[in-house]
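Student: Okay, here's the structure, questions in a sec.
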Amino acid sequence: MEITRYFEDIEIGESRTTFGRTITETDFVTHAGHTGDFFPHHMDAVFMADSEFGQRIAHGTMVFAIGIGLTATVINPVAFSYGYDRLRFVRPVFIGDTIRTRVTAARKEDDPKRADHGRLFEKVEVLNQDDRTVLACEHIYIIQKRGAA
């Protein structure tokens, strides 16, 4: 779906929440293969059985990738991602957990590099099935201003 929303159209506090996605063992194996991260925390059930978690924990980078991917449902042709700040892995994610992502417009400012654009800072929260935050970060968008169109 494509929806054109200019910088001025975004209201601070507006929020959206994605559908859920259940994390599987296949996700663990695929992510380890993609990244080369075969640490026992993610791949060795026996090693983790005696840990404080009692089981394997998901790669933080996998939770980030899936959580952000869940938000990619609308294309705004006048906006693009500038990156992510303040990334934190707040709680572990386990095989069988279902995550979803809530994105909230937190603040806006003029873009110091592009007079015809602004920056939108979104609060991103990846939540588990118990509505507990497992990952938090800030997403920065560059969005064209209406007068520049």
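Read-outs: derived from the displayed coordinates by stated rules, not from any lab. Nothing here was measured: the structure is a model prediction, and the numbers come from that model. Ideal geometry is used to build each Cβ from the backbone, glycine not excepted, and the neighbour counts take in all protein chains shown.
Student: Kirkwood hydrodynamic radius of the chain from all distinct Cα pairs, in Å?
Tutor: Values: mean 1/r = 0.0598 Å⁻¹.
Answer for the chain: a Kirkwood hydrodynamic radius of 16.7 Å.
Student: Using DSSP to call loops (not H, G, I, E or B), can you name the GluC sites (Glu not before Pro) in segment 1-47 whose Cβ has at most 11 other Cβ atoms within 10 angstrom? Could you put the intermediate results ahead of the total?
Tutor: Values: sites: GLU2, GLU8, GLU11, GLU14, GLU25; in loops: GLU11, GLU14.
Passing both the DSSP loop test and the Cβ count: GLU11, GLU14.
Student: Counting alpha carbon pairs within less than 8 Å and at least 6 residues apart, what relative contact order, in whole percent, applies to the chain? Please list the in-between numbers first.
Tutor: Working: 290 pairs, mean separation 45.9, N = 149.
31 percent.
Student: Also, I was wondering about something else. Suppose every K and R has +1 on its Cβ and every D and E has -1 on its Cβ; what is the size of the dipole of the chain about the Cα centre, in Debye to the nearest 20?
Tutor: Details: 18 positive and 22 negative charges, 78 e Å.
Magnitude of the dipole: close to 380 debye.
Student: Using the Cα atoms of segment 1-70, I'd like the radius of gyration and the largest Cα-Cα distance, Dmax, both in angstrom.
Tutor: 17.4, 53
Student: Springs between alpha-carbon pairs under 10 angstrom, Gaussian network model over the chain: which of ALA65, ALA136, ALA115 fluctuates most?
Tutor: Looking only at ALA65, ALA136, ALA115, the largest GNM fluctuation is found for ALA115.
Student: In addition: Output wanted: per-residue J couplings in Hz (rounded whole) for segment 2-13, from phi through Karplus 6.51 cos²θ - 1.76 cosθ + 1.60, θ = phi - 60°, x for Gly and Pro.
Tutor: 10, 9, 7, 10, 7, 3, 5, 7, 7, 9, 4, x
Student: When only Cα pairs under 8 Å and 6 or more residues apart are kept, what is the percent relative contact order across segment 63-149? Let's see the in-between values first.
Tutor: On the way: 163 pairs, mean separation 30.9, N = 87.
Result for segment 63-149 is 35 percent.
Student: Looking at the chain, send over the antiparallel percent of its DSSP beta bridges, to the nearest 5.
Tutor: Details: 34 of 35 bridges.
Within the chain, antiparallel bridges account for around 95 percent of the total.
Student: Follow-up. Which one, GLY60, GLY13, GLY118, has the greatest fluctuation when you compute a Gaussian network model over the chain with C-alpha springs under 10 angstrom?
Tutor: GLY13
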